[in-house]
Amino acid sequence: MSQLNLGVFVSGGGTNLQAIIDACAGGRIDATVTVVISDKADAYALERARSHDIPAYHVPVGKNDSPEFTAADRRHVELLQNHDVDLVCLAGYMRLIGPNMFAAYPEAILNIHPALLPSFPGTHGQEDAADYGVKVAGCTVHFAWPEFDTGPIIIQAAVPVLPGDDGASLAARILAQEHKIYPQAIQWCAEGRLRIEGRRVILEDARPPTIMEAIISPGLEI
Ligand code: GRF
């Protein structure tokens, strides 16, 4: 199995980046993070990368559709190609991805969203779910499309919403599941097992679920 080279985009604390780095180091996924890119110079996620000797770059993005945004889009592709990236992982990255990125990495950009898409898209998915009064919330890893939070869904994990939950307590419970499903989605990409048919993602060579898949999708029989 050849290793996938990952380019990870971050904007904040980088706990999903850390989960991916740890999964690579632990041999749980056949991948290596070769570059980390952030729109925020002070993103702690950049410190996480540097502490693991992973090249980390701040790329200012400016306003959507501005000349700076276009320059950043081109710079993103240049950095990814300089680091031989095969798969792009948006991990807490809060900006749009530009057209040059989609052209360079067709069906090779993943994103994680802290809600069960298509419910609660946008930047406050956990809080919106808690405020709505849902009884089940969760997270989604999907292929990124130009429009936020709309691409074909690869894997989801569900968590209960407990009495007294607010956005923060629910976000913490969801985050623990994010750190499981993102490495799983990356491993399925490394195994070449994902096929996109319209909006649907087919997991090929589906076999009796692994323990991890069973944990993530408790409804599976093992
Ligand atoms: C996560 O819930 C992620 O889904 C959302 O931002 C939160 C923080 O992510 N986009 P991280 O700790 O920076 O990975």
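Bear in mind that the values in this text are calculations on the coordinates, not laboratory data. This is a predicted model, so every value here is computed, not measured. With ideal geometry, Cβ positions are generated from the backbone for all residues, glycine too; neighbour counts draw on all protein chains shown.
Some points to look at:
- Along its principal axes, the stretch 1-106 has C-alpha extents of 41, 29, 18 angstrom, given from the largest down.
- Within the stretch 22-111, trypsin sites (Lys or Arg not before Pro) in DSSP loop having at most 13 other beta-carbon neighbours inside 10 Å: 63
- When Rg and the Kirkwood Rh are both derived from Cα coordinates, the Rg/Rh ratio for the chain amounts to 0.95.
- Measuring nothing but how far apart in sequence close Cα pairs (under 8 Å, 6+ apart) lie, relative to its length, the chain scores a relative contact order of 18 percent.
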